[in-house]
1. Collect the residues in the range 41-99 that are touching a residue at least 24 places away in the same chain (Cβ under 8 Å), within 20 Å of L18 (Cα to Cα) and small (G, A, S), keeping them in residue-number order.
2. So in the range 177-197, with the set limited to residues that are polar (S, T, N, Q) and within 16 Å of ligand 2 (Cβ to nearest atom), which one is modelled with the lowest pLDDT?
3. Which residues, taken from the range 15-25, are closer than 16 Å to A235 by Cβ and either away from ligand 2 (no atom under 16 Å from the Cβ) or not in a loop (DSSP other than H, G, I, E, B) (or both)?
4. Here is a list: I94, I82. Which entry is in contact with a strand residue (DSSP E or B) (Cβ under 6 Å, 6 or more places away or on another chain) and within 16 Å of ligand 2 (Cβ to nearest atom)?
5. Which residue pairs have Cβ atoms under 7 Å apart, sit 6 or more places apart or on different chains, and have a first residue in the range 218-236 that is touching a residue at least 40 places away in the same chain (Cβ under 8 Å) and a second that is of a type in the set (S, T, N, Q)?
6. Output the number of residues of the range 32-64 satisfying the condition of being closer than 21 Å to F233 by Cβ and not in a loop (DSSP other than H, G, I, E, B).
7. Identify, please: which residue in the range 191-217 is in contact with a helix residue (DSSP H, G or I) (Cβ under 7 Å, 6 or more places away or on another chain) and in a strand (DSSP E or B) and is, among those, surrounded by the fewest Cβ atoms within 10 Å (Cβ to Cβ)?
8. Working only within the range 120-153, note down all residues that are within 16 Å of ligand 1 (Cβ to nearest atom) and of a type in the set (D, E).
Amino acid sequence: MNITNPIRKALLERTPALGSWIQIGPYPALSEILANAGFDWLGIDCEHSEIDVEGVTALTRGMYGRKSVPFARVRENDTLAIRQVLDAGVQGIIVPLVNTAEEAKQAVSSAKYPPQGVRGFCFSRMNNYGIDFDKYAKTANENIAVVVMIESKQAVENIDDILGVEGVDGVFIGPYDMSGSYGVVGKTSHAIIQDACKKVVDACKKHGKAAGMHLVKPTPETIRKTVSDGFTFIALGVDMVFLNDAASNALETARDVLE
Ligand code: 3PY
Ligand code: MG
């Protein structure tokens with residue numbers, strides 16, 4: 001199991017890392033197909049999907065031997081949820097709804113072995129079922145990436161303290177939850193949300209950590225804007241949107257031709 005994580009380095013160097021999301025379900029074909037496309041990282045969404053730990057194992061197997069680094073958005077900021085996805089095979093965690101430095105510290109602590117954290121040692125898939133126990137135990141802390149999600153007014157207000165937590169490598173904005181928190185539900189391009197995002201990116205620049213954004217339907221313009229706004233940890237699309245768009249485009253094209 002290769003545990004060197006080039007994405008953690010990219011996060012801290014603020015160089016672009018292009019990924020995508022898996023949400024449909026725990027089917028390795030999804031991770032095989034998306035990893036074949038060549039994404040730098042792939043996020044398995046355990047918060048807004050039916051994917052559990054068994055699914056994370058299946059999906060990371062689909063990435064094995066391919067270049068995409070497996071990340072998981074855990075279902076919540078919970079020690080067991082974080083430890084289980086790391087043991088199953090992800091190299092980075094994305095933790096939803098982190099609002100304070102205390103919560104960020106808890107996320108980091110769950111992801112790191114002592115003395116930096118409280119992650120429990122065991123034989124697992126990540127250390128080749130014990131064969132590479134020593135090697136993994138020694139190098140896991142420096143390779144596991146911790147990204148926390150900023151998706152509330154409170155989190156934006158606390159952004160400096162959150163980014164000041166050692167072991168937080170970057171943040172990922174949750175524009176929908178953020179829009180709800182600011183009272184403009186679903187209006188992710190509202191000026192108030194744009195201002196909040198700018199505040200987050202400026203703080204990331206100051207702390208030398210990555211700012212992450214999801215472009216659900218990326219276009220050349222939105223990609224250019226996202227990069228020039230200062231985001232480097234970028235998710236392009238998501239499995240269900242890729243499938244929706246390709247399916248409806250094919251049908252529309254055929255209907256146009258047959259008209
Ligand atoms: C949000 O927009 O709140 C998200 O979590 C997107 O994944
Ligand atoms: Mg959210």
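The values are calculated or read from the model by the stated rules, or taken from the named source; none is laboratory data. This is a predicted model, so every value here is computed, not measured. Cβ atoms come from the backbone with ideal geometry, glycine included; neighbour counts cover every protein chain shown.
1. Across the range 41-99, the qualifying residues are G43, G62, S68, A72, G89, G92.
2. T188
3. At the first step, the residues of the range 15-25 found to be closer than 16 Å to A235 by Cβ are 15-24.
Residues satisfying the conditions are T15, P16, A17, L18, G19, S20, W21, I22, I24.
4. Matching residue, one of I94, I82: I94.
5. That search, which allows pairs on different chains as well, returns T232/T15; I234/T226; A235/S20; L236/S20.
6. So the answer is 12.
7. Initially, the range 191-217 is screened for residues in contact with a helix residue (DSSP H, G or I) (Cβ under 7 Å, 6 or more places away or on another chain), giving 193, 196, 199-200, 203-204, 207-211, 213, 215-217.
Filter once more, so that each one left must be in a strand (DSSP E or B): 210-211, 213, 215.
Working: A210: 29, A211: 27, M213: 23, L215: 18.
Per the stated criteria, the residue is L215.
8. Answer for the range 120-153, where residues must be within 16 Å of ligand 1 (Cβ to nearest atom) and of a type in the set (D, E): just E151.
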